[in-house]
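The values are calculated or read from the model by the stated rules, or taken from the named source; none is laboratory data. Just so we're clear, the structure is a prediction, and the values are computed from it rather than from any experiment. Here the Cβ positions follow ideal geometry from the backbone for every residue, glycine too, while neighbour counts run over all protein chains shown. Please note that ligands, DNA and RNA were not included when accessible areas were found on the heavy atoms of the full protein model with its side chains. Shrake-Rupley method; radii C 1.70, N 1.55, O 1.52, S 1.80 Å.
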Amino acid sequence: MRHAANEIDGKDKILPGFRLRKGISPLIPIFREAMLNGATDVEEQGAFGLGEVIKLSSKESLKVNVVAITGPLIRAVGERFVGT
């Protein structure tokens, strides 16, 4: 993702495919699976990857996927701070 982001010209760093309404939909299950069922290091990489997708996406694309995106993030944060 970082390589693709470096190739984007202009102020708004949105990948052309991520401007589409469901442009990020195929990627969400990959990061979601990593965050929900992966080992700690895989979970961390899934969260970083999802963050990159979010940074490079349009508002319209994020609206369609907001539930699929926020669920794993809330769970990851909840697991991290349980018992502290």
Pairs, first in contact (Cβ under 8 Å) with a residue 24 or more places away in the chain in the stretch 27-48, second surrounded by 13 or more Cβ atoms within 10 Å (Cβ to Cβ) and not in a helix (DSSP H, G or I), C-beta under 7 Å, six or more apart: 46/38
Only one of 81, 48 that is open to solvent by 60 Å² or more (accessible area, probe 1.4 Å) and at pLDDT 90 or above: 48
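For (1) open to solvent by 60 Å² or more (accessible area, probe 1.4 Å); (2) of a type outside the set (S, T, N, Q), each residue gets a yes or a no:
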residue: 44; (1), (2): yes, yes
residue: 58; (1), (2): no, no
residue: 72; (1), (2): no, yes
residue: 77; (1), (2): yes, yes
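Yes/no per residue for (1) assigned to a helix (DSSP H, G or I); (2) more than 24 Å from residue 14 (Cα to Cα):
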{"position": "42", "(1), (2)": "yes, yes"}
{"position": "57", "(1), (2)": "no, no"}
{"position": "63", "(1), (2)": "yes, no"}
{"position": "66", "(1), (2)": "yes, no"}
{"position": "71", "(1), (2)": "yes, no"}
{"position": "76", "(1), (2)": "yes, yes"}
{"position": "79", "(1), (2)": "yes, yes"}
May I ask you to list pairs of residues, at least six apart or on different chains, whose Cβ atoms are under 9 Å apart, with the first in the stretch 58-76 being among the acidic types (Asp, Glu) and the second being outside any helix (DSSP H, G or I) and open to solvent by less than 80 Å² (accessible area, probe 1.4 Å)? 60/23
